[in-house]
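The block underneath contains the structure these notes are about, expressed in structure tokens.
The values are calculated or read from the model by the stated rules, or taken from the named source; none is laboratory data. Being a predicted model, the structure only gives us computed values, none of them experimental. For neighbour counting, all protein chains shown are included, and Cβ atoms are generated from backbone atoms with ideal geometry for every residue, glycine included. Surface accessibility is based on the protein's heavy atoms, side chains included, excluding ligands, DNA and RNA. Shrake-Rupley method; radii C 1.70, N 1.55, O 1.52, S 1.80 Å.
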Amino acid sequence: MTTHDSAEVLSVLEAAFPCPEEEYADAFYCQEMTKVLEELAGFFAARFSETVDEIRAGGLESAEFVLRLEERRSKMVNVPLLREEMPDLFAELAFVSTADAGKLLSKKFLYDATKSLIKDRIVNYEQVNLKDLETWLPAPEFSRYVSERVVPKGYVVEVKS
């Protein structure tokens, strides 16, 4: 079995598909190679996952390789213990994450609570969910309150027609 590092793969690719010298052509080349390589990375990632699933499901073993689950360590607070042994400190530090608050409380409750705290400044933060509005209004009326905006995604090089 042969594996290669990125420098070796790059030299093979550049030999098979030489880089253009002109800047626009080179930018287009890099853009297209990025798409192809991302597609290939997805292909290999999926193939890796499927093969690992087969190895695990079949209890397969190898004389040359071993399958090892990589882990990372992270620290976390023992919340029940801190709450019990140091209630004052717990009360000072405890919070509910924004994501959990959004799950636990309604959008309307969060809006009303925020508005009561910051008053008129809320106009700088107010939003309406597109799907919610669509549910409430018929199509002709809905379109009156919806506009499209252009959001730059980045540059793309195209071949002139």
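Shape annotation for the range 52-141: C-alpha extents along the principal axes are 69, 53, 20 Å, from largest to smallest. Dividing the mean sequence gap of close Cα pairs (under 8 Å, 6+ apart) by how many residues the chain holds gives a relative contact order of 29 percent.
With one equal scatterer per alpha carbon and no solvent term, the Debye-computed log10 I(q)/I(0) for the range 105-161 at 0.13 1/Å reads -0.60. Panel note: the C-alpha atoms of the range 1-86, placed on their principal axes, show extents of 69, 42, 19 Å (largest first).
With all protein chains kept in place, the per residue accessible area of the chain amounts to 99 square angstrom at a probe of 1.4 angstrom. With K and R counted +1 and D and E -1, the other residues having a Cβ less than 11 Å from that of residue 24 yield a net charge of -4. For the chain, what log10 I(q)/I(0) values come out of the Debye formula at q = 0.15 1/Å, with one point per alpha carbon and no solvent? Calculated log10 I(q)/I(0) at the listed q: -1.04. Rounded to the nearest 10 degrees, the angle from helix 23-58 to the longest Cα principal axis of the chain is 80 degrees.
Expressed as a whole percent, the accessible surface of the chain that belongs to carbon and sulfur atoms is 58, based on a 1.4 Å probe.
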